[in-house]
Amino acid sequence: MKHRYAIGMSVLALTGCGSSDEHGPTTSGMAIQEMPETLSCKALCVHLDRRPNRIGEPITGTITWKGAPPGSFLNAYLSPTTDRVSRKPTVTGRYGALLVDPYPLKRPSGTIRFRWKGSGFWCAPTDYSMICDEPPPKGMYVFSAAVVDSDVSPMAVLQRRASSQPVASPNKLAGVRTTPFQLR
């Protein structure tokens, strides 16, 4: 049975950060659809339909996982490569988590199909976290996915780290990344 899971949270349409459709709000520009398992994978695999090369170009593909314990979640990221010496990102600007909330894995093994529209990252321009509809800057990137043990979003960890009740980062149970690609 195919079922579409829209990732997102409601924000004002005037911000340019989101919209809604019949499946629910989608603000990150990333939609997920469950698929029958067709790829063989040892733990976690990402397959891009094609390597993107232009800023703002959609990224589509599949993520397959096996052996995820109950209560696991999936998150996806677009991250710049890091300098080999300093280990600092090679670009500045928008990049990072692509999902507003980690996607709940309902089964120990499965496959999802995803489409990220080529823009939409976590940001906090007014100290209120949201997905801002901006493309990444030019540079070298990797697309990665991680299976984690809680539904705590990356932005929630950042927002509350200096508070009297900080939120613990989820533990990464499995992770995978693509080979680097250049966006121009």
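We did not get these values from a lab; they are worked out from the coordinates using the rules stated. Since this is a predicted model, take the numbers as computed values, not measurements. Positions of Cβ are generated from backbone atoms using ideal geometry, with glycine treated the same way; all protein chains shown enter the neighbour counts.
Restriction of the trypsin sites (Lys or Arg not before Pro) in the range 91-147 to DSSP coil positions whose beta-carbon has at most 15 other beta-carbons within 10 angstrom yields Lys106, Lys138. Based on Cα contacts under 8 Å between residues 6+ apart, the range 75-155 shows a relative contact order of 41 percent.
With each label modelled as a point 7 angstrom along the Cα→C-beta vector, the Gln182-Asp149 pair spans 4.1 nm. For the range 37-89, a Kirkwood radius taken over Cα pairs fed into Stokes-Einstein (4 °C, viscosity 1.567 mPa s) yields D = 93 µm²/s. Taking label positions 7 Å along the Cα-Cβ direction at both Lys138 and Arg51, the computed distance is 1.9 nm, reported to one decimal.
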